[in-house]
1. Which residues make up the longest stretch of the chain that has no GluC sites (Glu not before Pro) in a DSSP loop with at most 12 other Cβ atoms within 10 Å?
2. With every protein chain left in place, what is the accessible area per residue of segment 1-45 in square angstrom, probe 1.4 Å?
3. Given R₀ = 25 Å, what would the calculated FRET efficiency be for Gln14 paired with Ser37, taking r from the Cβ atoms and rounding to 0.05?
4. Taking the alpha-carbon distance from Lys18 and a cut-off under 18 Å, which lysines remain once sequence neighbours fewer than 8 residues away in the same chain are dropped?
5. Amide H of Ile6 versus every other amide H placed in the peptide plane: which residues, excluding those fewer than 5 positions away on the same chain, fall under 5 Å?
6. Using only the Cα atoms of the chain, construct the convex hull and provide its projected area averaged over every direction, in square nanometres to one decimal.
7. Rounded to the nearest 20 debye, what is the charge dipole size of the chain about its Cα centre when +1 sits on each Lys and Arg Cβ and -1 on each Asp and Glu Cβ?
Amino acid sequence: MPIITIALKEGRSQEQKKKVAEEITRIVAENMEVDPSKIWIRFDDFSPADFATGGKMHG
């Protein structure tokens, strides 16, 4: 059972996440020959304050 985690800054809509989940599920199912019902996708939404780039915090 593949478990896929997607970490991103908060602010994406449920509809956007739904579309991404559908596409990733389709691609993984086709290319890894896995039943789509066995593919788990977890979205981890983080506040911009939780990110740093180049050693500098975003928040």
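The values are calculated or read from the model by the stated rules, or taken from the named source; none is laboratory data. Treat the numbers as computed from the prediction; the structure is a model and nothing was measured. Neighbour counts run over all protein chains shown; Cβ positions are idealised from the backbone, glycine included. Ligands, DNA and RNA are excluded from the accessible area calculation, which covers all protein heavy atoms including side chains. Shrake-Rupley method; radii C 1.70, N 1.55, O 1.52, S 1.80 Å.
1. Details: sites that count: Glu10, Glu33.
The segment 34-59 is the longest one with no such site.
2. Details: 3490 Å² over 45 residues.
Ligands and nucleic acids excluded, the result is 78 Å² per residue.
3. Values: r = 20 Å, r/R0 = 0.82.
With a Förster radius of 25 Å, E is 0.75.
4. Filter leaves Lys9, Lys38.
5. Arg42, Phe43, Asp44
6. Values: hull surface 19.5 nm².
Its Cα hull, projected and averaged over all orientations, spans 4.9 nm².
7. Working: 9 positive and 10 negative charges, 38 e Å.
Roughly 180 debye for the chain.
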